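A short reminder: the numbers here are calculations on the coordinates, not readings from a lab. What you are looking at is a predicted structure, and each value in this text was computed from that prediction instead of being measured. Methodologically, a virtual Cβ is constructed for each residue, glycine included, from the backbone with ideal geometry; neighbour enumeration extends over all protein chains shown.
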Amino acid sequence: MSKQIDIVSLYPKDMNIYGDTGNVLAITRRLRLYGYDPQVHLVNQGDPWPQHADMVLGGGGQDTGQKKIITDLFARADLLRSLVEQGVPMLMICGLYQLFGEYFETVDGTRLDGIGVIGAYTVGSDVRRIGNLVEQSEDFGSIIGYENHSGQTFLREGVKPLGTVGEGLGNNGEDGTEGARVHNMIGSYMHGSLLPKNPAISDFLIRTAVERRYGGFDLSEQTDAQRDELARLDNYCAKAREVAAFRPR
């Protein structure tokens, strides 16, 4: 039987405002095409944590959504911090990216404390940063996505950004950074969703999860049909990236 990989979809009810569940779909699809058996665990407020968590994926939400989940997030803070320290691969988009930082101060002055995984803080503004975004990353090359946020995130000294913005505004529109990296956790403002257009990041998350659980990335269960389908999807992805990279903001 195919080897199982357990994926936690964190707060999909309240933190999925711009289609971030597409990241879960992309990961599960690619895992199957690599010959693995993805099992998705939807963890909303009050839901039990699964026995295994090989990967954690979280999305964005409006200020109201962040306020809804904050109590439950803090109840899981020690667990999440421990998983990050252990090297569990994670992707946190927009609202959860902000709440994995130190704090988020909304435009009306309300302060939401974060769980402190990332050395960063966010302040709200009256200006929304919307449009296609292209950045360059040491680890993933060119990353293409779509940003839609009013918060400005500032990384503390020494915190590694996900990439350097070429087209778009990124974390704050001032220092040229976008997103953040802590161990195997990635935070980003890119919706759209991010992973279908960026297979290099998907494969990093997948390979890291598989190697941590099984000690290696074994493709012996992958069939020729799965290889062909993966190549077909990557071809579509390349075309989508080309269009998105040159589409005006």
Neighbourhood charge, 11 Å Cβ-Cβ cut-off, centred on ILE93 and excluding it, Lys, Arg +1 and Asp, Glu -1: -2
Under 19 Å from LYS197, Cα to Cα: lysines that are on another chain or at least 8 residues apart: LYS239
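How far, in nm, would the chain grow between GLU221 and ASP113 when pulled straight, counting 0.36 nm per residue and subtracting the alpha carbon separation? Walk me through the numbers before you get to the answer.
Values: separation 108, 0.36 × 108 = 38.88 nm, distance 4.45 nm.
Roughly 34.4 nm would be gained on extension.
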Please list, or write none, the lysines whose alpha carbon is within less than 19 Å of the alpha carbon of LYS13, excluding same-chain residues fewer than 8 places away. LYS67, LYS68
Mind giving me the FRET efficiency for ALA245 and ALA75? R0 is 30 Å, r the Cβ-Cβ distance, nearest 0.05 is fine. 0.15
Ellipticity estimate at 222 nm from DSSP helix runs (n ≥ 4, -39,500 (n - 2.57)) divided over the chain, nearest 500: -10000 deg cm²/dmol
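What whole-number volume per residue, in cubic angstrom, does the convex hull of the C-alpha atoms of segment 155-249 give? Don't skip to the answer; put the middle values down first.
Details: hull volume 10.1 nm³, N = 95.
Value for segment 155-249: 106 Å³ per residue.
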Under the √(5λ) rule applied to the eigenvalues of the Cα gyration tensor, what semi-axes describe the equivalent ellipsoid of the chain? Give them in Å, descending. 28, 22, 15
